[in-house]
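Colleague: Next up is a structure, given as structure tokens.
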Amino acid sequence: MQPTRLIIAITGASGVVYGKHLLEVLQKKKIETHLIVSKTAEKIIAHELEIARSDIEKLADHVYSVDDLIAPIASGSFKTDAMIIIPCSMKTLAGIAHGYAENLILRAADVMLKEKRKLILVPRETPLSVIHLQNMLELAKQGVTILPAMPAYYHKPNNIKDIVDYVVGKALDCLEIDHELFERWSGKSL
Ligand SMILES: Cc1cc2nc3c(=O)[nH]c(=O)nc-3n(C[C@H](O)[C@H](O)[C@H](O)COP(=O)(O)O)c2cc1C
């Protein structure tokens, strides 16, 4: 069933454009969004997108400070359908894997795990260490979707927008939200 209320977190990994574009799509679809942007993500937004954190926050319905541990989304009693961290740094991924809920992103993800709600992580790092891989395996065993920011090329992207659309489209697929961001493989092209 399509979600109506989502938590979106943007952390300090390369590829903050994915988080921005996901918010743009969700805003158009009128899906309620609760956004947290980490402190390093704010710096990467300035560097990679040359915009302010507030430009991204305008795309969300509700915005929280990463230090706000008394926000509604810090509690399991506040109903949400799913959470996605896009992009997800290895630091945040490690914190979730080990229950180290020291900021609002980590706490909200911890709530998703304890309440058995949908949690999707879009990690971006390369190469991956054994620690990174072990943390991802642990989370996958807990039912977390690990959706690496790995574009495909079978839909023949022409530009960066097509590549971003593909990764965001895959995230929307995991969230069970209909979209037409990329052409699906039909098997007719070969
Ligand atoms: C320009 C820049 C790019 C970075 N890219 C990545 C990345 O792709 N993946 C990653 O795991 N960490 C990356 N980092 C390191 C994280 O930002 C760092 O570990 C930080 O503590 C993450 O904190 P956060 O998860 O609270 O945002 C990057 C840092 C900078 C400054």
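Colleague: How many times 2.2 N^0.38 Å is the alpha carbon radius of gyration of the chain?
Modeller: 0.98
Colleague: Now, a different point. Could you report the chain's accessible area per residue, 1.4 Å probe, as an integer in Å²?
Modeller: Solvent-accessible surface per residue comes out at 52 Å².
Colleague: Could you order the peptides 51-57, 146-152 from most to least packed, using the average number of other C-beta atoms within 10 Å per residue? Don't skip to the answer; put the middle values down first.
Modeller: Details: 51-57: 14.9, 146-152: 16.6.
Going from most to least packed, we get 146-152, 51-57.
Colleague: What number of lysine-lysine pairs in segment 1-153 show an alpha-carbon separation below 15 angstrom, given a sequence spacing of 8 or more or placement on distinct chains?
Modeller: 13
Colleague: Based on the mean of other beta carbon atoms within 10 Å per residue, what is the order of 13-26, 81-94, 110-123, most packed first?
Modeller: Values: 13-26: 21.9, 81-94: 23.4, 110-123: 19.6.
My ranking of the peptides, most packed first, is 81-94, 13-26, 110-123.
Colleague: Within segment 151-187, which residues have the backbone N less than 18 Å from the label spot 7 Å out from residue 2 along Cα→beta-carbon, could you tell me?
Modeller: Those under the cut-off are 168-182.
Colleague: On the protein heavy atoms, probe 1.4 angstrom, tell me the percent of accessible surface of the chain carried by carbon and sulfur.
Modeller: The value for the chain is 53 percent carbon and sulfur by accessible area.
The values are calculated or read from the model by the stated rules, or taken from the named source; none is laboratory data. Keep in mind that what you see is a predicted model, and the values were worked out from it rather than measured. Using ideal geometry, Cβ is built from the backbone for each residue, glycine included, and neighbour counts are taken over all protein chains shown. Please note that ligands, DNA and RNA were not included when accessible areas were found on the heavy atoms of the full protein model with its side chains. Shrake-Rupley method; radii C 1.70, N 1.55, O 1.52, S 1.80 Å.
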